[in-house]
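Values quoted throughout were computed directly from the atomic coordinates according to the rules given, and no laboratory measurement underlies them. Not measured: the values here are computed from a predicted model. When we count neighbours, we look across all protein chains shown, and the Cβ atoms used for this are built from the backbone with ideal geometry, even at glycine.
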Amino acid sequence: MTKDLPQTPEELARYLDTSIIKPDVTAQEVKEFLIKASRYPFAGIGVDLVFTDLAVKVLADTGVDVVTTIAYPLGGLTTAVKLKHAEMALEKGTDEMDVGMDIGALRSGEFAAIEKEVAALVKLAGGKIVKMVIHCDGLTDEEILQACKLARDGGADFVKTNPGFGANTKLRDVQLIREHFKAEELKIMVAGGARTRQQTLDFLVAGAQRVATSAPYHVLGVMLPE
């Protein structure tokens, strides 16, 4: 991995997701953010469901994936509601979905129900990328690995280590997951804890395939686009 580390801002951007997910954000603010961010080849940009159609329009032909959040950041919706929201996101044209796993159900041992939910989401996605969002920041190693197993066995493309919002991912979290799951089985997306270029590179070296950051231009070492 070290030999293949990205060198330029454009190369590094391809490993990054960023997002504009705030309770008070306006459509105009989302549009402006997307236009500026699309000047770099980010892997994906996350938006709430209500802004998915706007993001699809603005990011068309940029090569940047639209990522819609589902049951995010807490995961505490029923499977039926998650599937309905996912269906709406797909109808709007999303490329990817970041779906909150029900961590309470995980800690209660409801493993079969979680795996069934993941599988239903993956089937509905029809080849679009599904990332299951867990909460490494508040889970034991055993719980992290169980969450990853359920995501993998349900067919998810990625496990996302945290939803952000103050939750931080440790390098050891990524190392732990990668020690037990090959990248071919389950990709890792880090969220929370990557605010510098070096932190981001460290996560990639540890085995992550993507890193989400709320400070993308600082990570890239570039000025905020005008």
**OP:** Treat the count of other C-beta atoms within 10 Å as a stand-in for reagent exposure and order Glu117, Glu91 from fewest to most.
**Re:** Glu91, Glu117
Original post:
Dipole size in debye (nearest 20) for the chain around its Cα centre, Lys and Arg Cβ +1, Asp and Glu Cβ -1?
Top reply: 180
**OP:** Have a look at Phe165, Gly138, Ala212 and report the one farthest towards the positive end of the charge dipole of the chain, computed about the Cα centre with Cβ charges (Lys/Arg +1, Asp/Glu -1).
**Re:** Ala212
Subject >> Percentage relative contact order, the chain, counting C-alpha pairs under 8 Å, at least six apart >> reply: 18
Original post:
Stretched out fully, how many nm does the piece from Met223 to Thr140 gain, at 0.36 nm a residue minus the Cα gap?
Top reply: 26.0 nm
**OP:** Could you pull out every one of the aspartates and glutamates with an alpha carbon less than 14 Å from that of Lys22, ignoring same-chain neighbours closer than 8 positions?
**Re:** Asp48
Subject >> Potential lengthening between Glu91 and Leu5 on full extension [0.36 nm per residue; Cα-Cα distance subtracted] >> reply: 27.4 nm
